[in-house]
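As structure tokens, the structure follows; a few thoughts come after it.
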Amino acid sequence: MTTAPQTTRAIVTGAARERPGHAGGKRGEQLVSWAFLAPFLIAFALFLVWPILHGIYLSFTDQSLTGAGGDIIGFANYAEALSDPTTWRSMGNTLLFTVLSTIPLVVLALIMAVLVDRGIPGQWLWRLSFFMPFLLASTVISQIWVWIFNPQIGAANNLLEAVGLQPIAWLQNPDTNLIAIVIATVWWTVGFNFLLYLAALQNIPAQQYEAASLDGAGPWRQLWSITIPQLGPATVLIVMLQILASLKLFDQAYQMLGGVASDTTRSIVQYMYEAGFVGYRFGYSAAISYVFFALIVVIGIAQALVVGRRKEQ
Amino acid sequence: MTRRQLFAGAAALAGTALLAGCTPPGSARTPQELQFWHLLSGGDGVTMSGLLDTVNAAQSDYRVRPTVLAWGSPYYTKLAMAATGGRAPEVAIMHATRVAGYAPGGLLDPWDVDRLAELGVDESTFPAPIWEKGHAGGELYSVALDAHPFVLMFNTDICDAAGVLDSDGRLNPTKNPDEFLELTRAVAGSAEGHGLSYGYLGDGAQMWRLFYTLYTQHGLEMKLPEGGKSELDQDAAVESLALMQSLLDGEIAAPQNDYQSAIAEFATGRSGMLLTGVWELRTMQAAGIPFDATTIPTLFGTESVYADSHSFVLPHQNDPDPTKRDLSYRFVADLLKGSFDWAEAGHIPAYLPVTQSPDYADLVPQAHYAEAAEHVAYDPPAWFTGSGSNFQGDFGASVQGALLSGGDPAAAIADFQRRVDAVLSRPNPADPEGTWQS
């Protein structure tokens, strides 16, 4: 992060030195650069800054979806959101899902990438099939997994019965429905992490492996002593991206459960949607979203501290 | 050239083009286009499309242009937002039970009862409970197209073999839970699969439909006073839920069945009976199985059945075009009068001249459950109840465990009431000022 601004400054100073005496040159250049930046800045202000500010404003009002209300009610929405058991329950579900999904999504992606990188035959087929599910829309994967988890005719229960176990109502049983969503999500999105790991693996110089084998290190030794340590930065990035992606849980869970409110799968994003669009309470929904935002900030800071400390060591 | 001149010129050009090319010779004026939103898909959508073609072809004053949206909260959210902006479609279909969440916030405009009466649509042409349901706050906000109750379909071959049909081929009457359990067990004995198919997993509406049918058969209604506590008779509620549990014993009905699997089980002739909405009639006709349908037997003394109505509403427009608004009235009257075809989709038309016609009496099995329209039990009125609402979802979330693994029905009912009371205790966002009382 620290190198980028320095480079930019160097280029600008360089350019200014090349054309001494051009009083309007620098201003002209600035104008040009602003012109190039303008489309992005307008979109940024219109679709990010303004909604964020408006959302904060809404969270202090009793604005209804029906257009009624809109009076400023102070911190009442925040007080209610913090004392609402559904907020905490949804937050808990979201965090549990994040933990349950992030671990396999990182570990499996690593295993898959290492296997493929080792040059087993038909590499293109493995890469394609591991990445393919990621290209599907959430509506499609939800439908596929609803069929697989169907209690009567689904493949998941056929498998259980084939090994002599009792069938499970995967998506309806509160003990299993979050797990079912984790399974579907892992299958759906592991391809992206796999691709990131594959790219990182290809950056490890082959000489290191050659040197290691000359020293008599076997494949496992090489994996533990070269591959995994070299993948450190990639792993930090993948874990961070994955946590952010998992915290946004909504569409696949909502669709796989047919939009039915389930205490064990309702994510915080779904609760925001329910409060605002089903329950009409825009102000309350906005307040929940800022409570969630605060949680993400806390997680982000915690992560930065952990990573920072590890680097210092 | 000023901007105004430019626009005037463009408009004139466009007008000339219309006159020259687009208007068929001899036609005095172009029909007004009416925007019509509805949520009917599948077989219902096809039928509605046919009805619209008929009304469009029968006159040249208006032309209805339908917009079909996915049913449930996506539809209701979009309708609310269109009405909030004051630029809603001229006319829309809504479930009658959702009106209470829309009318108080000013999202719907009331119907002019006198104008409807001039067009032949008034109190005398509807079953009383259905006409009444259209009212709120002393105004008429919705005009019902139909009633779509929960019914009992039965496979005539399997039921005949089980000896539960009378000489006319109708299901033997049952007057209490024990008689009904006995009858369904007999049917189970002659069916390849289960006696009864009832899919409920992950579907709060399905659980609520059967529960509320049984609950209201006790002669009771659930009440949801604003700002108060929900009123639900514990004994009757527990008795109703316990009967549902007895049905899901693995012999009468599968303990773990979702909606689609239940439909498939009955449609392939593996079960003798099916608890479903009338909207599945076409599915069963297409499946080619021998079947009939009846109202759900009265097991707790009072004739009652859960139902809802697809109803016409006028979503709020800031500045309605008087011509289009009047044509919307005509369109609704025309469609109601032509709603015989709607019955073919299984629904019971609300317009009495249709259901009282001799042709309707010949329509089997529709005529066999038409009386249900007289005993419909709608969701308890509140801004958050109705078809496709979270209220039904909450019911499912509370009782599904009890149905799936035989938990305590009383605890499930208590949990449901706790959820409902939590919603009731909050301000009503459809009417935050509390200026409007239903």
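Here each label is just a point 7 Å from Cα along the line to Cβ, and for A:Asp175 and A:Gln202 those points are 4.6 nm apart. Mind checking the log10 I(q)/I(0) for the range B:291-438 at q = 0.10, 0.17, 0.18 Å⁻¹? Debye, one equal scatterer per Cα, no solvent, two decimals. Each listed q maps to, in turn, -0.58, -1.16, -1.19.
Among A:169-180, B:344-355, sorting by the average number of other beta carbon atoms lying within 10 angstrom of each residue, highest first, gives B:344-355, A:169-180.
Accessible surface of A:Ile120, taken over heavy atoms with a 1.4 Å probe and every protein chain present, rounds to 70 Å². How far apart, in nm, are two points set 7 Å out from the Cα along the Cα-to-Cβ line at A:Ser129 and at A:Trp34? So the two model labels end up 5.8 nm from each other.
Screening chain A for whole DSSP H helices with an alpha carbon extent of at least 20 angstrom along the helix axis and a mean Kyte-Doolittle hydropathy of at least 0.5 yields A:23-44, A:85-117, A:177-201, A:232-247, A:282-312.
Simple rule: put +1 on each Lys or Arg Cβ and -1 on each Asp or Glu Cβ in the range A:85-312, find the dipole, and look at A:Leu231, A:Ile296, A:Val269; the Cα lying farthest toward the positive end is A:Ile296. Per residue of chain A, the DSSP helices (runs of n ≥ 4 H) give a summed -39500 (n - 2.57) that works out to -22000 deg cm²/dmol at 222 nm.
Comparing B:Pro173, B:Pro149, B:Pro297 in a Gaussian network model of chain B (Cα springs below 10 Å), the most mobile by mean-square fluctuation is B:Pro173.
Counting only other chains, what is the mean number of Cβ atoms within 10 angstrom of the Cβ of each residue in peptide A:66-74? Show your work: numbers first, answer last.
Numbers: counts 16, 10, 13, 7, 1, 2, 0, 2, 0.
That works out to 6 on average.
Taking a ≥ b ≥ c as the square roots of the eigenvalues of the Cα gyration tensor, the range A:225-298 is oblate, since a/c reaches 1.5 or more and a/b is not larger than b/c.
If you take all other residues with their beta carbon under 15 Å from the beta carbon of A:Tyr209, and give Lys and Arg +1 and Asp and Glu -1, the sum is -1.
Determine the relative contact order of chain B: mean sequence separation of Cα pairs under 8 Å and six or more apart, normalised by residue count, in whole percent. Computed value for chain B: 26 percent relative contact order. Scaling the Cα radius of gyration of the range B:24-141 by the globular reference 2.2 N^0.38 Å produces a ratio of 1.18.
Evaluate peptide B:254-263: per residue, the Cβ atoms of other protein chains within 10 Å of its Cβ; return the mean as an integer. Display every interim value, and only then the final one.
Numbers: counts 2, 2, 8, 3, 10, 1, 5, 5, 1, 0.
Across the residues of B:254-263, the mean count of other-chain Cβ atoms within 10 Å is 4.
For chain A, report the translational diffusion coefficient in µm²/s to the nearest whole number, using Stokes-Einstein at 20 °C, 1.002 mPa s, and a Kirkwood Rh over Cα pairs.
On the way: Rh = 23.8 Å.
For these conditions, the coefficient is 90 µm²/s.
In chain B, the calculated helix contribution to ellipticity at 222 nm averages -12500 deg cm²/dmol per residue, counting -39,500 (n - 2.57) for every DSSP H run with n ≥ 4. In this simple spin-label model, placing a label point 7 Å from the Cα along the Cα-to-Cβ direction at both A:Lys248 and A:Lys26 gives a separation of 4.1 nm.
Over 36 Å, how big is the tail of the calculated P(r) for chain B, in percent of all Cα pairs? Before the final figure, lay out each step's value.
On the way: 30359 of 95703 pairs.
When all Cα pairs of chain B are counted, 32 percent exceed 36 Å.
Relative contact order for chain A using alpha-carbon pairs under 8 Å, separation at least 6, rounded to a whole percent? For chain A, the relative contact order is 28 percent. Calculate the FRET efficiency for B:Thr30 and B:Lys223 from the Cβ-Cβ distance with a Förster distance of 41 Å, rounded to the nearest 0.05. My answer for the efficiency is 0.20.
Using the alpha-carbon atoms, what tilt in degrees (0 to 90, nearest 10) does helix B:73-84 show relative to the longest principal axis of chain B? Tilt relative to chain B: about 30 degrees. How many angstrom lie between the Cα centre of the range B:143-215 and the Cα centre of the range B:366-436? What the calculation gives is 22 Å, centre to centre. Note on the range B:68-222: the C-alpha convex hull projects to 13.3 nm² when averaged across all orientations.
Go ahead and collect, in residue order, the members of the range B:180-216 whose backbone nitrogen is under 20 Å from a label point 7 Å along the Cα-Cβ direction of A:Leu96. Correct set: B:202-203.
Can you pull out the chymotrypsin sites (Phe, Trp or Tyr not before Pro) in the range A:37-132 that DSSP calls coil and that have at most 16 other Cβ atoms within 10 Å? Mind showing how you got there, number by number?
Details: sites: A:Phe40, A:Phe44, A:Phe47, A:Tyr57, A:Phe60, A:Phe75, A:Tyr78, A:Trp88, A:Phe97, A:Trp124, A:Trp126, A:Phe130, A:Phe131; in loops: A:Phe60, A:Phe75.
Loop-located and lightly packed - A:Phe75.
Other chains' Cβ within 10 Å of A:168-175 residues: what's the mean? Numbers along the way, then the final one.
Values: counts 1, 9, 1, 3, 11, 7, 4, 2.
Per-residue shielding by partner chains comes out at 5.
Extents of the protein assembly as shown, taken as max minus min of Cα coordinates on every principal axis and listed largest first, are 95, 84, 55 Å. Could you let me know the centre-to-centre spacing of the range B:72-113 and the range A:132-184, using Cα atoms, in angstrom? Answer, in whole Å: 37.
For the range A:146-284, rounded, prolate or oblate, judged on the Cα gyration tensor with a ≥ b ≥ c (square roots of eigenvalues), a/c < 1.5 rounded, else prolate if a/b > b/c? The shape class here is oblate. With the whole protein complex present, A:Trp50 retains an accessible surface near 150 Å², based on a 1.4 Å probe. Summing both sides, the accessible surface hidden between B and A at a 1.4 Å probe radius is close to 2400 Å². Remark: the range B:176-301 is approximated by an ellipsoid whose semi-axes, taken from the C-alpha gyration tensor as √(5λ), come to 27, 16, 13 Å, largest first.
The values are calculated or read from the model by the stated rules, or taken from the named source; none is laboratory data. Please read all numbers here as calculations on a predicted model, not as lab measurements. We place every Cβ from the backbone using ideal geometry, glycine too, and count neighbours over all the protein chains shown. Heavy atoms of the whole protein, side chains included, go into the accessibility calculation; ligands, DNA and RNA do not. Shrake-Rupley method; radii C 1.70, N 1.55, O 1.52, S 1.80 Å.
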